[in-house]
Amino acid sequence: MPALGVGFSFRPAYLADLFLRPHSMDVLEVIADHYLENIADRQEQLELLCAHYTLLPHSLNLSLGGADTLDRSYVRRLCRLVQRLRPPWFSDHLAFTRAGGLELGHLAPVPLTKEALDVVCQHIHEVQDRAETLFILENISTHVILPGAEMTEADFLAEVVERTACGLLLDLTNVYTNAMNHGFSADAYLQEYPLEHTMQIHIAGGEWSRGTLNDTHSAPVPKEVWRLLEYTLKRYRVPAIILERDENLPPFESIVEETEMARSLWGCHAASE
Amino acid sequence: MPLQNEQRLLALLYTSASARVEYARQPQEFCKRFHLSPQACAAMAAIPNSSIENYARSLIAKRLNEVTKLLPMTAQSMGEAFREAFYAYSKEVPTRGVDRHLRDATAFAKFLAARKESAKAEVSVLRLEAARVSARGSSPLVVCMLPPTEWITKELKLRKPEWVVLAYLRVGRYRRWSRMVIPLPNTSHSTETSKSLAGD
């Protein structure tokens, strides 16, 4: 797989700034869901971005861990987008987002059981085969620990990779958030995690509320996540790093500063290989 | 299929305040309704209510955040009442579809419009923003009538306060919009503008 470099998860508010400093990003992630509808200004924006950058589509609603069948219409539109953009890979989450006709509007954890493993693998097979493009699966942050786990998350992900030949998207902020909220060691999690299958890393900053750390993508990347990034890159040179920022959008300069910091860590590791 | 039943139970708990109240009272009984085995019921009932509440709150906070972005002036004009109204609205109304934030904002705008206590100034702001949000959805034509308030006059760049009909019409393969502002009869001039929604 090619080393793509460092970029950010594109937000339309930064479009003008991005083209004023076109070389500030090596690669961009785009939220696939924003471009599934035929809305003129969005499609034109996507064409512009696609002409200048490698785009990595990141979807939010596949509900791969949901026991209900996949949403055929959503899968069809997503795969059409992926085939149009021709990315090296596309991604979604180890989560369910709907069940029994109810949509959650966000990612909910799946139990780490053999039954859930079968469901996730079957769904990834369906999506990956249809898109004819490598799919990568992201770990999520969660408020709820579901009962009945039959394996660790790292083992679950390794088994998914083994069965489907998909790749992984390691969200370090989600690892850190879960470690803070559920009292485990992020380093220990990363030691078990199948890093050699990781194609992309996410980094972001969250906020504390009522004693809980929330993965809000609304703050600069915290020191501890930078440390986890360095720790990870020392062990394996992941092809792409994406900074996520959805809320409290700072001036583009701050986004560039954070991506430059990630690039220096990524570059240091490349040089040491 | 235990996983399917467990997820249906969880989806209901995450999205319905009344289900959470019922579950907190009698968790085992509640779980039984989803055909879970006694063991699965006991395991699910061991999930702390606080973590389910935290997650449910975070779902609502995310929705509120997106709806605030789509109805910014309504949120500004209502202040804290906007947030309170959203919590009341979202207790039992789940989201749906890829364009769920648009649907959410449209449904919430209807919810607000139905509230008798809404102030007149808020109604005009709400109607205009609701029309803009609806125009970004799948409907080919959106029409609304706006009262002659100072705010509407300024926002639509009218020469003087007057009742107007605002229409968004979808044209072409992609959703590109023409906006028309039509003063109602008995007013002194008529205005027609056409531009894309992106600049609206």
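All of the numbers you see were taken from the coordinates with simple rules; none came from a lab. Treat the numbers as computed from the prediction; the structure is a model and nothing was measured. Reconstructed Cβ throughout: ideal geometry from the backbone, glycine too, with neighbour counts over all protein chains shown.
Of note:
- Based on C-alpha pairs under 8 angstrom that are at least 6 apart in sequence, chain A has a relative contact order of 18 percent.
- Within the shell defined by Cβ-Cβ distances under 9 Å, the residues around A:Ala204 carry a net charge of -3, with Lys and Arg each +1 and Asp and Glu each -1.
- Helix-derived mean residue ellipticity, 222 nm - over the protein assembly as shown, DSSP H n ≥ 4, -39500 (n - 2.57), to 500: -15000 deg cm²/dmol
- Scalar couplings 3J(HN,Hα) for the range A:169-183, obtained by applying the Karplus form with A = 6.51, B = -1.76, C = 1.60 to θ = phi - 60°, are 10, 8, 8, 5, 5, 5, 4, 4, 4, 5, 4, 5, 6, 10, x Hz; x denotes Gly and Pro.
- Distant-in-sequence amide H partners of A:Thr54 (H built 1.01 Å from N, under 5 Å): A:Leu28
- Residues in the range A:188-205 carry Karplus couplings, in order, of 5, 4, 5, 5, 7, 5, x, 4, 5, 9, 7, 9, 8, 10, 10, 10, 6, x Hz; the curve used is 6.51 cos²θ - 1.76 cosθ + 1.60 with θ = phi - 60°, and Gly or Pro positions show x.
- Residues of the range A:224-238 with an amide N closer than 17 Å to a point placed 7 Å from the Cα of A:Gln191 along the Cα-to-Cβ direction: A:228-229, A:231-236.
- Cα-projected label distance for B:Phe111 with B:Tyr87, points at 7 Å along beta-carbon direction, nm: 1.3 nm
- Here the Gaussian network model covers chain A, with springs between Cα atoms less than 10 Å apart; of A:Thr173, A:Thr152, A:Thr133, A:Thr152 fluctuates the most.
- Highest-fluctuation residue, A:Ser141, A:Ser185, A:Ser73 considered, GNM on chain A with Cα pairs under 10 Å: A:Ser73
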